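Shown next, in structure tokens, is the structure this report addresses.
The values are calculated or read from the model by the stated rules, or taken from the named source; none is laboratory data. None of these values were measured; they are calculated from a predicted model. Please note: Cβ atoms are built from the backbone with ideal geometry, for glycine as well, and neighbour counts cover all protein chains shown.
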Amino acid sequence: MSSSAIEPEIADIVCQLDNVQGMVDALSSVRWKRHQEAVLELSEHGIVLIVEESRCLQAKVYLKSELFVSYEYGAEGRPRFGVSLGLFVDCLNTFSVPGHASTIEIRYPGPDMQLLLKSVDSPDACIYAELRTKIPDTVSWDYNFEPAGSTPINFTVKSAALKEAIDDLEWPGASIQIVMEPDPPCVTFRGEGHGDLQIDFMYYANTDLLIAFQCDRRISYRYKYKFLRATTSNIPSSVIKDNRGSKLTIGRGGMLKVQHLVSVAKSSIQNSHIDSTGHQYQPSRIAYIEFFVKPEVDDENPVNDS
């Protein structure tokens, strides 16, 4: 064989990450069941991981290029490939050493279109993993998230309080109604099952809990409990411990967007900032997590989005 025939092709992406646990936390946030297929989309700006279910729930993890120690992008366009989310997280976990910020290299594609992972910070040993990839079976549904009107409809609540509220509302197969009232400013989560349970977040009564609130009219939508629960069921313990806030926005047609921020910075923070919740973080070392939940049709309580 000629030397040119055995030279490896230029990879679409080669990047290094120095906090594997942070990436595990971010990807685990969107792992709501045992077997899940994910789609990875690559670009010069970073990596986006997408998972969805029943065309009613979609989640995205944004891993910006600035998050990585190095990020080399050699592809044309935006390559997409499928991978088992569970296997991806489990492989990453093998590189994560408690108390040690391991550095790994991520490369795609390998000789047989694999996703390749290897440790690069240990002179004594090298951990190496290959993940089989696949062509995505379907194109992600278009969620068309648009503002519900001229005034955004959103609120920010402490992540721990949001998770606790949704956990408390559990009735399998049931729906959860989310109501926002502008006067007095209030967010209500209401569940119905063997009985009724209602949880109110009053904006002015406890601004430490409900951090921000924006709403100019009453709005109400119902969401399947299992889909709503997926948005908080695997929030990393680090986010709960930091007491960070999660932002919920209701768009046109009742589309619900839930946003979390997960730090993938090393434990020693330099050049950090303070966000609106009082949490210290590095803007370039944050993974952005977004969930989109379609509402149930509620003919008894139509809402005018115009």
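Residue-by-condition table, conditions (1) modelled with pLDDT under 85; (2) more than 22 Å from residue 51 (Cα to Cα); (3) surrounded by fewer than 17 Cβ atoms within 10 Å (Cβ to Cβ); (4) aromatic (Phe, Trp, Tyr):
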{"residue": "154", "(1), (2), (3), (4)": "no, yes, no, no"}
{"residue": "157", "(1), (2), (3), (4)": "no, yes, no, no"}
{"residue": "166", "(1), (2), (3), (4)": "no, no, no, no"}
{"residue": "171", "(1), (2), (3), (4)": "yes, yes, yes, yes"}
{"residue": "237", "(1), (2), (3), (4)": "yes, no, yes, no"}
{"residue": "242", "(1), (2), (3), (4)": "yes, yes, no, no"}
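For the stretch 221-255, the set of residues classified as among the aliphatic types (A, V, I, L, M) and either over 18 Å from the mean Cα position of the chain (by Cα) or in a helix (DSSP H, G or I) (or both) consists of 228, 230, 239, 240, listed by residue number. Between 166, 199, 211, the distinction of being in contact with a Gly (Cβ under 6 Å, 6 or more places away or on another chain) and either under 23 Å from residue 290 (Cα atoms) or in a strand (DSSP E or B) (or both) belongs to 211 only. Look at residue 258 and say whether it is in a helix (DSSP H, G or I), surrounded by 15 or more Cβ atoms within 10 Å (Cβ to Cβ) and of a type in the set (A, V, I, L, M, F, W, C). So residue 258 fails the test.
Here the helices (runs of 4 or more DSSP H) wholly within the stretch 1-107 that include at least 3 residues being at pLDDT 90 or above and buried (at least 16 other Cβ atoms within 10 Å of the Cβ) are 20-28, 85-95. Answer with yes or no whether residue 110 is in the same structural domain as residue 28 (by TED's automatic domain parsing) and in contact with a strand residue (DSSP E or B) (Cβ under 7 Å, 6 or more places away or on another chain). It is true that residue 110 is in the same structural domain as residue 28 (by TED's automatic domain parsing) and in contact with a strand residue (DSSP E or B) (Cβ under 7 Å, 6 or more places away or on another chain).
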